[in-house]
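Note sheet for the following structure.
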Amino acid sequence: MVVGVPKEIKNNESRVGMTPAGVFEMVKHNHTVYVQSGAGVGSGFFDKDYQKVGAQILDTMAEVYAKSDMIVKVKEPIREEYNLIKEGQIVFTYFHFASSETLTQAMIDSKAICIAYETVENEDGSLPLLTPMSEVAGRMAIQQGAKYLEKPVKGKGVLLGGVPGVSPGRVLVLGAGTVGVQAAKMAAGLGAHVTIMDVNMKKLRYVNDIMPNHVVTEFSNELNIRKHIKSHDLIIGGVLLKGAKAPNLITRDMLKEMHPGTVIVDVAVDQGGCVETTKPTTHEDPTYIIDDVVHYCVANMPGAVPYTSTVALTNVTLPYALKLANMGWRSACNLDKTLAKGLNIVEGEVVYKEIVEAFKWEPVLA
Ligand SMILES: NC(=O)c1ccc[n+]([C@@H]2O[C@H](COP(=O)([O-])OP(=O)(O)OC[C@H]3O[C@@H](n4cnc5c(N)ncnc54)[C@H](O)[C@@H]3O)[C@@H](O)[C@H]2O)c1
């Protein structure tokens, strides 16, 4: 198969859909890989790195789309790419169709095979191509939180690890899923005292089993949250209700209960946030202050660490991309039910019912 890796053109997106390691595997399996010149630069991979493992470099995005049977990328196509996508071409990337009717219509019109990373789903309901980005965001949340606790950026002036003779900082983590566990692990590694809360006892039991003693678990309810926000320096929001808006676990009135300079990193901002005062921010201007509480609410945290994010993402996407290239999409999806869940639009038909529901379209599903 001929596989194309275009440069991402969405604002501030520095990740790339395939690393040289991925190209190496593709070429080893007798596939041809075209990489757009400069596609990997933002993640630290240069044209010569791709050429060394057998990729052919093309100057323009249009050439990459025109010559390829399958496009492997990161973000959903944007307007400039719509007309480049061909009938029958496989496009393997994050799409998030339900949030854009324009994109959905464009992909229907293209008659391409759109396989969305975010809906590739294991039998247990876990989303293997989303997990790495939650791992990145969870770990980064502590790095960012520690920074914004510093006084010059209006934080409380607390060093998370403490020093001999001074107690460590206190971190409250809401949600013991992927983001929460990774955040708790990083905070614990710095020596902070960590409280992690969830409503799922299985998750709390797991955390209790694997974490050191300075990570304590608490059941998540309003009374417990109200108690803990007063005594914690950094609060991480990592709550998710699948497919729904995150619940507001911290309401506006609670900010007044916190010490001035407390920092909230609401990772769940992409689902509306679990703090009432959360509103999305960008890496250019990541924080704002309400009632002396610093809010960090960047909606694409992994974008700040494109090298790590690209490698983490492509580690999990490559086996599926390889399967699609080796077998073609029909056989690959017939044999692999996890991958088949990624099929969203096929040759002009929407085959993922949540997309139809999102736009209240008349169902035409087979
Ligand atoms: N901002 C970013 O850049 C970024 C990056 C990656 C992920 N995210 C977001 O982070 C959020 C968390 O993702 P995840 O992968 O960790 O999800 P997850 O499903 O692994 O974990 C969510 C956890 O929240 C818990 N929960 C639900 N209701 C709760 C409540 N009332 N109190 C406490 N806990 C509760 C669930 O039991 C679950 O353990 C999602 O909204 C995800 O989209 C954001």
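The values are calculated or read from the model by the stated rules, or taken from the named source; none is laboratory data. The model shown is predicted, which means the values in this text are computed figures rather than measured ones. So basically every Cβ, Gly included, is an ideal-geometry build from the backbone, and we count neighbours across all protein chains shown.
Points worth noting:
- Residue within region 344-363 that is in contact with a strand residue (DSSP E or B) (Cβ under 8 Å, 6 or more places away or on another chain) and acidic (Asp, Glu) present: yes
- Screening the candidates ALA98, ALA146 for the property of being crowded, with 16+ Cβ neighbours inside 10 Å and outside the structural domain of CYS274 (by TED's automatic domain parsing) yields one hit, ALA98.
- In region 309-336, the residues that are within 20 Å of PHE97 (Cβ to Cβ) and out of contact with any helix residue (DSSP H, G or I) (no Cβ under 6 Å at 6 or more places or on another chain): THR317, ALA321, TRP329
- Test for ALA332: is it in the same structural domain as LYS28 (by TED's automatic domain parsing), in contact with a His (Cβ under 7 Å, 6 or more places away or on another chain), more than 19 Å from ILE142 (Cβ to Cβ) and not charged (D, E, K, R): no
- The set of residues from region 131-171 being touching a residue at least 60 places away in the same chain (Cβ under 8 Å), within 16 Å of the ligand (Cβ to nearest atom) and among the charged types (D, E, K, R) comprises just one member, GLU135.
- Selection within region 286-297 - under 26 Å from GLU13 (Cα atoms) and either modelled with pLDDT under 95 or away from the ligand (no atom under 15 Å from the Cβ) (or both): TYR288, VAL294
- Considering only residues in region 191-204 that are of a type in the set (A, V, I, L, M) and surrounded by 18 or more Cβ atoms within 10 Å (Cβ to Cβ), the one that is nearest to the ligand (Cβ to nearest atom) turns out to be MET197.
- Any hit, region 89-98, residues being part of a helix (DSSP H, G or I) and either at positive phi or acidic (Asp, Glu) (or both): no
- Of all the listed residues (ALA146, ALA141, ALA192), the sole one being touching a helix residue (DSSP H, G or I) at 6+ places or on another chain (Cβ under 7 Å) and among the aliphatic types (A, V, I, L, M) is ALA141.
- Every pair of residues 6+ apart whose Cβ atoms lie under 8 Å, when the first sits in region 54-65 and is on the phi < 0 side of the Ramachandran plot while the second is among the aromatic types (Phe, Trp, Tyr): ALA55/TYR34; GLN56/TYR34; ILE57/TYR34; ILE57/TYR50; LEU58/TYR34; GLU63/TYR34; VAL64/TYR34
- Looking only at region 210-236, and only at residues there that are within 12 Å of the ligand (Cβ to nearest atom) and of a type in the set (D, E, K, R), the one that is farthest from ALA183 (Cα to Cα): GLU222
- Filtered residues of region 270-285 (kept if within 8 Å of the ligand (Cβ to nearest atom) and closer than 12 Å to ILE236 by Cα): CYS274
- Qualifying residue in region 250-260 (condition: without any contact (Cβ under 8 Å) to a residue 40 or more places away in the chain, within 15 Å of the ligand (Cβ to nearest atom) and surrounded by fewer than 23 Cβ atoms within 10 Å (Cβ to Cβ)): yes
- Matching residues in region 263-279 - criterion: being of a type outside the set (A, V, I, L, M) and more than 15 Å from the chain's Cα centre (by Cα): CYS274, GLU276, THR277, THR278, LYS279
- Matching residues in region 114-130 - criterion: being within 13 Å of the ligand (Cβ to nearest atom), touching a Leu at 6+ places or on another chain (Cβ under 7 Å) and touching a residue at least 60 places away in the same chain (Cβ under 8 Å): TYR117, GLU121
- Among the candidates VAL263, VAL267, VAL239, VAL207, the residue that is buried (at least 20 other Cβ atoms within 10 Å of the Cβ) and more than 12 Å from the ligand (Cβ to nearest atom) is uniquely VAL263.
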